[in-house]
Amino acid sequence: MHLLIPAAGSGKRMGSSQNKLLLNVLGQPLLSWTVKAALASQSIEWIGILGQPYDFPAFEALLAPLHSPKPVQLITGGETRQQSVFNGMQALPQQAKFVLIHDGARCLATPDLFDRCTEALQHCQGLIAAMPVKDTIKIVNADGWITDTPDRQNLWGAQTPQGFDVALLKACHEKGKQEGWEVTDDAALLEKCGQSVKIVPGEDTNLKITTPVDLAIAEFILGQRLAKSA
Ligand code: C5P
């Protein structure tokens with residue numbers, strides 16, 4: 001399985017002037033933890049990391065001590081996550097038939113989750129890891145008034161990995177570019193193209209590290225895992 005890791009964002013919502021994926025988590029850059037999980041996955045055989053070129057020296061520095069036995073390629077990302085993944089799709093090796101896409105910011109995903117997504121992709125053309133939402137979700141208008149409360153039973157929180165047939169995702173990205181669609185995950189492009197996307201049970205701990213609180217939670221969870229494996 002080929003894996004693309006979008007890692008070309010900034011640290012704006014984290015309140016950081018650098019890429020949040022380079023922030024320290026238990027003594028290592030956040031992105032190291034994400035890459036280590038991918039390296040430990042049995043099914044991943046090639047990794048492409050999307051980044052801004054000014055971050056490449058830092059990416060190379062964090063990759064060196066991991067001594068990856070799998071090819072890891074740095075690919076120039078874009079202005080948005082969607083553009084970064086678009087670039088990644090163009091850079092996939094020709095033989096790639098299926099691809100997993102996993103946000104660099106989700107450093108708590110386990111190797112097992114990658115492998116379950118790979119397995120599930122044998123039976124469909126598009127999937128995402130997701131979890132049922134715990135909160136009641138409100139639709140709110142620009143003035144701050146609630147306009148709707150969707151039935152919670154049908155609501156799932158989208159995570160990554162998201163997995164796709166390469167030719168199909170490329171076609172949906174092309175269409176999205178032509179139509180000017182702006183989406184925050186890849187499944188949304190398939191949905192807009194009328195393609196079906198399946199849910200794979202994600203993980204409660206598979207947080208997208210976005211704010212300083214998430215960073216503290218990540219340190220706690222990774223610390224517990226390290227203590228258990230010691
Ligand atoms: O900002 P957010 O956390 O939602 O971004 C999700 C993922 O997409 C992150 O891992 C981030 O590094 C990546 N990203 C990207 N290119 C961008 C913006 C975000 O690869 N231009």
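So for the range 129-145 (the condition being open to solvent by less than 50 Å² (accessible area, probe 1.4 Å), within 16 Å of the ligand (Cβ to nearest atom) and free of Cβ contacts under 8 Å to residues at least 12 places away in the same chain), does at least one residue qualify?
Just the residues of the range 129-145 that are open to solvent by less than 50 Å² (accessible area, probe 1.4 Å), to begin with: 129-131, 133.
If we keep only those that are within 16 Å of the ligand (Cβ to nearest atom) as well, we get 129-130.
Narrowing further to those that are free of Cβ contacts under 8 Å to residues at least 12 places away in the same chain: none.
Checking the range 129-145: not a single residue is open to solvent by less than 50 Å² (accessible area, probe 1.4 Å), within 16 Å of the ligand (Cβ to nearest atom) and free of Cβ contacts under 8 Å to residues at least 12 places away in the same chain.
Quick check on my filter: what residues within the range 147-164 are surrounded by 14 or more Cβ atoms within 10 Å (Cβ to Cβ) and either within 15 Å of Met131 (Cα to Cα) or in contact with a Pro (Cβ under 8 Å, 6 or more places away or on another chain) (or both)? Step through it out loud before you land on a result.
Applying the first criterion (surrounded by 14 or more Cβ atoms within 10 Å (Cβ to Cβ)) to the range 147-164 yields 155-164.
If the condition is that a residue be surrounded by 14 or more Cβ atoms within 10 Å (Cβ to Cβ) and either within 15 Å of Met131 (Cα to Cα) or in contact with a Pro (Cβ under 8 Å, 6 or more places away or on another chain) (or both), then Leu155, Trp156, Gly157, Ala158, Gln159, Thr160, Pro161, Gln162 are the ones that fit.
In the range 3-29, what residues are more than 20 Å from Thr80 (Cα to Cα) and open to solvent by less than 10 Å² (accessible area, probe 1.4 Å)?
Selection gives Val25 alone.
If I ask for residues that are among the acidic types (Asp, Glu), more than 16 Å from the ligand (Cβ to nearest atom) and either in contact with a Phe, Trp or Tyr (Cβ under 8 Å, 6 or more places away or on another chain) or in a helix (DSSP H, G or I) (or both), which ones from the range 170-204 would you list?
Narrowing the range 170-204 to residues among the acidic types (Asp, Glu): 174, 179, 182, 185-186, 191, 203-204.
So of that shortlist, the ones also more than 16 Å from the ligand (Cβ to nearest atom) come out as 174, 179, 191, 203-204.
Passing the criteria: Glu174, Glu179, Glu191.
If the Cβ limit is 6 Å and pairs must be 6+ apart or interchain, which residue in the range 1-28 that is under 29 Å from Gln42 (Cβ atoms) and within 14 Å of the ligand (Cβ to nearest atom) pairs with which residue that is open to solvent by 10 Å² or more (accessible area, probe 1.4 Å) and among the aliphatic types (A, V, I, L, M)?
So the pair list comes out as Lys20/Met14; Leu22/Ala58.
Give Gln159, Gln224, Gln195, Gln125 a once-over and let me know the one that is under 17 Å from the mean Cα position of the chain (by Cα) and modelled with pLDDT of 95 or more.
Values: Gln224 fails: under 17 Å from the mean Cα position of the chain (by Cα); Gln195 fails: under 17 Å from the mean Cα position of the chain (by Cα); Gln125 fails: under 17 Å from the mean Cα position of the chain (by Cα).
That would be Gln159, the only listed residue that is under 17 Å from the mean Cα position of the chain (by Cα) and modelled with pLDDT of 95 or more.
Being among the aliphatic types (A, V, I, L, M) and surrounded by fewer than 18 Cβ atoms within 10 Å (Cβ to Cβ) is the filter here; which residues of the range 75-95 pass it? Break it down into steps so the answer makes sense when it comes.
The first filter runs over the range 75-95 and keeps only residues among the aliphatic types (A, V, I, L, M), leaving 75, 85, 89, 91-92.
Ala91, the sole residue that qualifies.
Residues to consider are Ile137, Ile128; find the one that is of a type in the set (Val, Ile, Thr) and not in a loop (DSSP other than H, G, I, E, B). Don't jump to the end; show me each part of the working.
On the way: Ile137 fails: not in a loop (DSSP other than H, G, I, E, B).
Going through Ile137, Ile128 in turn, just one is of a type in the set (Val, Ile, Thr) and not in a loop (DSSP other than H, G, I, E, B): Ile128.
Could you please let me know if Ala105 is more than 10 Å from the ligand (Cβ to nearest atom), small (Gly, Ala, Ser), outside any helix (DSSP H, G or I) and in contact (Cβ under 8 Å) with a residue 60 or more places away in the chain?
Working: more than 10 Å from the ligand (Cβ to nearest atom): no; small (Gly, Ala, Ser): yes; outside any helix (DSSP H, G or I): yes; in contact (Cβ under 8 Å) with a residue 60 or more places away in the chain: yes.
No.
Out of Ala120, Ala167, report the one residue that is farther than 26 Å from Leu215 by Cα, more than 16 Å from the ligand (Cβ to nearest atom) and surrounded by fewer than 15 Cβ atoms within 10 Å (Cβ to Cβ).
Working: Ala120 fails: surrounded by fewer than 15 Cβ atoms within 10 Å (Cβ to Cβ).
Ala167 is the lone residue from the list that is farther than 26 Å from Leu215 by Cα, more than 16 Å from the ligand (Cβ to nearest atom) and surrounded by fewer than 15 Cβ atoms within 10 Å (Cβ to Cβ).
When you look at Lys36, is it of a type outside the set (Ser, Thr, Tyr), in contact with an Asp or Glu (Cβ under 7 Å, 6 or more places away or on another chain), away from the ligand (no atom under 13 Å from the Cβ) and free of Cβ contacts under 8 Å to residues at least 60 places away in the same chain, yes or no? Can you show your working first?
Numbers: of a type outside the set (Ser, Thr, Tyr): yes; in contact with an Asp or Glu (Cβ under 7 Å, 6 or more places away or on another chain): no; away from the ligand (no atom under 13 Å from the Cβ): yes; free of Cβ contacts under 8 Å to residues at least 60 places away in the same chain: yes.
It is false that Lys36 is of a type outside the set (Ser, Thr, Tyr), in contact with an Asp or Glu (Cβ under 7 Å, 6 or more places away or on another chain), away from the ligand (no atom under 13 Å from the Cβ) and free of Cβ contacts under 8 Å to residues at least 60 places away in the same chain.
The values are calculated or read from the model by the stated rules, or taken from the named source; none is laboratory data. Here the structure is a predicted model, which means the values were calculated and not measured. Here the Cβ is made from the backbone with ideal geometry for all residues, glycine too, and neighbour counts use every protein chain on show. Heavy atoms of the whole protein, side chains included, go into the accessibility calculation; ligands, DNA and RNA do not. Shrake-Rupley method; radii C 1.70, N 1.55, O 1.52, S 1.80 Å.
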